[in-house]
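The values are calculated or read from the model by the stated rules, or taken from the named source; none is laboratory data. Note that the coordinates shown come from a computational prediction; the quantities given were computed from them, not determined experimentally. Don't worry about glycine lacking a Cβ; one is built from the backbone with ideal geometry, like all the others, and counts go over all protein chains shown.
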Amino acid sequence: MDIQNISRNYVIVSVKPTYLDKQIVSDLAVPLLAFSINLSLILLTLLKEPFKSAVGVRNVVLLQCFGGLFYTSFKLVTFISAFIWTKYKIKFSILVSTFYVQFNMFLYNFNYSVPSIITYWRFILIMFHRETSIYENIAVGIFTLLFNFVSLIHTTFFATNMYPNSMFTAFYTYGSILEEIFPWFDMAPQIISGSIAFILNIILLVKIRIEKKKTALNKKNASGEISLTVNLLFHTIMPLILILYANIYYSLLFFAGMESVVAEMVYDYMELFYLVICPVSLVLFIELYRRFFFSLYYDKKMNNKVSVKISYTKTIA
């Protein structure tokens, strides 16, 4: 709906009454679980050995987990805000709903672009044997997020297309990918950076395997590097699948009217699954963390066995 002749300040919206009940799993329970996992891994990495000393692994884990922490924190803040607005029947400017929707997209893109930034660091280190400078890191970060930021500003203050979503009765958004450039600003950087990171990780895997054979590289170090690269490879593939799936489906929905409840559910479940598995995979792929959690499990199991044995002995005595 085009509302160019209406001042943005006069458009008042509210939270849909059904939002809190319908979205409690996707916007509260799952983000809270992912938030807890990310926060736990951050604290573990910062405070406990051997994670504090493993600088390369530590930096990867911290950046990955902080990306997830920011994104899930905002989703939790959004749900709490919706609860307050609904409870007290508060209405507000459409600029507020637009900012919430678009900033959520900005953090979404940031979270799923982090593996591309990490891949660049490791590629420079392994292929060229040098650390990236702070200026390089800033430049890569700006390149990755600049277009998303421009889209955030444009949509919040200048977009004229108004639609409802699952949370708000209305918000401003950009037009279709055939009509405007701004949808590409949200989509293209993630696809481009993800595709480049995918190729770089494949090159790194080949390089590490060749080095391992040629120089009899320490098995433990080689195994750790391979695990870390496979982990990053997984994290560049999944966001690409999500963004391509979403854009293909919504293009078919808008231009061909091919609406599918099943297709939407599949996307929602994939996104929720990845939100949780993203930090969990750090434990699954990185040997340092895997060993630590396995040792916790086995120590607890052994303690339980000893406790049962002592209790049984006391009972017999």
Criterion violated by LEU125 - all others in (1) among the hydrophobic types (A, V, I, L, M, F, W, C); (2) surrounded by fewer than 20 Cβ atoms within 10 Å (Cβ to Cβ); (3) touching a helix residue (DSSP H, G or I) at 6+ places or on another chain (Cβ under 6 Å) satisfied:
(3)
Taking the residues in the stretch 5-28 that are of a type in the set (S, T, N, Q) and at pLDDT 90 or above as candidates, determine which candidate is surrounded by the fewest Cβ atoms within 10 Å (Cβ to Cβ).
THR18
Out of ALA159, ALA139, report the one residue that is within 30 Å of LEU95 (Cβ to Cβ) and of a type in the set (Gly, Ala, Ser).
ALA159
Could you check how many residues of the stretch 144-186 are surrounded by 15 or more Cβ atoms within 10 Å (Cβ to Cβ) and under 20 Å from TYR120 (Cα atoms)?
4
In the stretch 144-188, how many residues are among the hydrophobic types (A, V, I, L, M, F, W, C), touching a Ser or Thr at 6+ places or on another chain (Cβ under 8 Å) and more than 18 Å from ARG8 (Cβ to Cβ)?
4
Inside the stretch 130-159, can you point out the residues that are of a type in the set (D, E, K, R) and assigned to a helix (DSSP H, G or I)?
GLU136
Sole residue being of a type outside the set (Gly, Ala, Ser), more than 21 Å from the chain's Cα centre (by Cα), part of a strand (DSSP E or B) and at pLDDT 85 or above, chosen from MET127, MET162:
MET162
Against the conditions (1) out of contact with any Ser or Thr (no Cβ under 7 Å at 6 or more places or on another chain); (2) modelled with pLDDT under 95; (3) surrounded by fewer than 17 Cβ atoms within 10 Å (Cβ to Cβ), where does ASP2 fall short? Just the number, please.
(1)
Any residue in the stretch 247-268 that is touching a Gly at 6+ places or on another chain (Cβ under 9 Å), of a type in the set (A, V, I, L, M) and either part of a helix (DSSP H, G or I) or crowded, with 18+ Cβ neighbours inside 10 Å (or both)?
no
